[in-house]
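S.K.: Let me begin by handing over the structure; questions about it come next.
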Amino acid sequence: MVVAVSVLELHIPASRSLKEKRRVVKALTERIHQRYRVSIAETDYHDLHQRAQIAIAVVHSSRSELERLLERIRDHVEEVPGAMVTSWDPFFVEEVP
């Protein structure tokens, strides 16, 4: 079993309030969760209106499958209008008992 966790940071330049930021982040996290069935949550920068940190976690039997899945998710996030990925940091824990 392999566990993958990816922490990404977004810059949302058009956001002028926390309400606008929440709308973008909530729509993104819900869409990713529904489409890819991964655990996802906003994890930092809750009080900044143009910056968000999101963490994604997923478990699979194959590291290569996880790498492909995270790449598809990253492509999906990069296509979101009004949000730019400024950091993407995936890591893997293999042979979890």
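S.K.: Of 38, 90, 60, which is farthest towards the positive pole of the chain's charge dipole, taken about the Cα centre with +1 and -1 on the beta-carbons of Lys, Arg and Asp, Glu respectively?
M.R.: The Cα lying farthest towards the positive end belongs to 38.
S.K.: Also: Working from Cα positions, state the angle (0 to 90°, nearest 10) between the long axis of helix 18-36 and the longest principal axis of the chain.
M.R.: Result, in degrees: 30.
S.K.: When the dipole is taken about the Cα centre of the chain, and only Lys, Arg (+1) and Asp, Glu (-1) are charged at their Cβ, what size is it in debye, to the nearest 20?
M.R.: Here the chain has a charge dipole of around 540 debye.
S.K.: Could you work out how far helix 63-78 tilts from the main Cα principal axis of the chain, as a 0 to 90 degree angle to the nearest 10?
M.R.: Value to nearest ten degrees: 10.
S.K.: Please work out the Kirkwood hydrodynamic radius for the chain, using every pair of different C-alpha atoms, and report it in angstroms with one decimal place.
M.R.: Numbers: mean 1/r = 0.0730 Å⁻¹.
Taking the inverse mean of 1/r over all distinct Cα pairs, the chain comes out at 13.7 Å.
S.K.: Taking 8 Å as the Cα distance limit and 6 or more residues as the minimum spacing, I'd like the relative contact order of the chain as a percentage. Please report the intermediate quantities before stating the final value.
M.R.: On the way: 164 pairs, mean separation 47.7, N = 97.
Worked out over the chain, it gives 49 percent.
Throughout, read-outs are computed from the coordinates displayed, never taken from laboratory work. Model, not experiment: these values are computed from the prediction. Glycine also receives a Cβ, built like all others from the backbone with ideal geometry; neighbour counts cover every protein chain displayed.
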